[in-house]
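The block underneath contains the structure these notes are about, expressed in structure tokens.
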Amino acid sequence: MTPTRKRRLYAVLAIAVGVSGAVALALTALNDNMLFFFSPAEVHAGEVPSGSNFRLGGMVLDGSVSRTPGDLKVRFVLTDYNQSVPVEFEGILPDLFREGQGIIAQGALSTSPSGEQVFVASEVLAKHDETYMPPEVADALKKAEEAKEADGDS
């Protein structure tokens with residue numbers, strides 16, 4: 001191999017290693033910032049990776065919202081009408097947050113002192129008008145309804 005070809009080979013190898021390293025760093029950073037969406041049924045099925053943040057979407061169950069007096073803690077139940085997940089949130093809820101409305105909460109699963117699995121939300125997003133439904137929530141509700149019908153048929 002001539003010296004010129006050796007230099008070119010080393011240059012190509014150096015570029016390939018550099019590009020591979022940059023892609024690996026970008027994918028690692030992207031993976032840390034990705035938030036997957038899960039429905040309450042998927043949470044009950046154990047499809048959520050443990051210890052990771054994710055988005056949980058569904059409808060706020062009527063009569064489930066309870067507030068701690070003198071505090072900003074709110075507890076409610078999020079359901080896809082097939083399964084339900086209790087949610088705890090501390091902070092100011094969006095103005096459009098109501099019972100019977102579709103929301104998306106961002107956070108992680110935690111186990112309460114009583115052993116109950118609770119979704120601890122760091123952010124709650126409510127729909128912005130009466131006709132809008134987040135697509136993920138609409139899909140989760142549709143899947144839950146189909147699963148409920150399939151269970152009823154069998």
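The values are calculated or read from the model by the stated rules, or taken from the named source; none is laboratory data. Since the model is a prediction, treat every value here as computed from it, not as a measurement. Here the Cβ is made from the backbone with ideal geometry for all residues, glycine too, and neighbour counts use every protein chain on show. Please note that ligands, DNA and RNA were not included when accessible areas were found on the heavy atoms of the full protein model with its side chains. Shrake-Rupley method; radii C 1.70, N 1.55, O 1.52, S 1.80 Å.
Work from the charge dipole of the chain (Cβ charges, +1 for Lys and Arg, -1 for Asp and Glu, about the Cα centre) and give the residue of Val60, Phe37, Phe76 farthest towards its positive end.
Phe37
Between 0 and 90 degrees, rounded to the nearest ten: what's the tilt of helix 3-33 against the longest Cα principal axis of the chain?
Helix 3-33 and the main axis of the chain meet at about 10 degrees.
Please calculate how many Å² of accessible area the chain carries per residue, with a 1.4 Å probe and no DNA, RNA or ligand atoms counted.
65
Which value does Rg/Rh take for the range 1-144 over its C-alpha atoms, Rh per Kirkwood?
Value, to two decimals: 1.27.
Of all trypsin sites (Lys or Arg not before Pro) in the range 71-153, which ones are in loop regions per DSSP and have a Cβ with at most 16 other Cβ atoms within 10 Å?
For trypsin sites (Lys or Arg not before Pro) across the range 71-153 that sit outside H, G, I, E and B with at most 16 neighbouring Cβ atoms in 10 Å, the list reads Arg98.
Label-point separation (nm) for His44 and Ile92, each offset 7 Å from Cα along Cα-to-Cβ?
A separation of 3.5 nm, rounded to one decimal place.
May I ask for the equivalent-ellipsoid semi-axes of the range 30-105, computed as the square root of five times each C-alpha gyration tensor eigenvalue and listed largest first in whole Å?
Equivalent ellipsoid of the range 30-105: 22, 16, 11 Å, largest first.
Could you tell me which of Phe119, Phe89, Ser20 has its Cα farthest along the dipole of the chain towards the positive end, charges placed at Cβ (Lys, Arg +1; Asp, Glu -1), taken about the Cα centre?
In the chain, that residue is Ser20.
Treating only the Cβ of Lys, Arg, Asp and Glu as charged (+1, +1, -1, -1), what charge dipole size does the range 1-115 show about its Cα centre? Round to the nearest 20 debye.
Values: 9 positive and 10 negative charges, 229 e Å.
Magnitude of the dipole: close to 1100 debye.
Over 5 Å intervals from 0, what percent of Cα-Cα pairs in the range 77-121 sits in each interval?
Histogramming the range 77-121 at 5 Å steps yields 5, 19, 30, 25, 14, 6, 1 percent.
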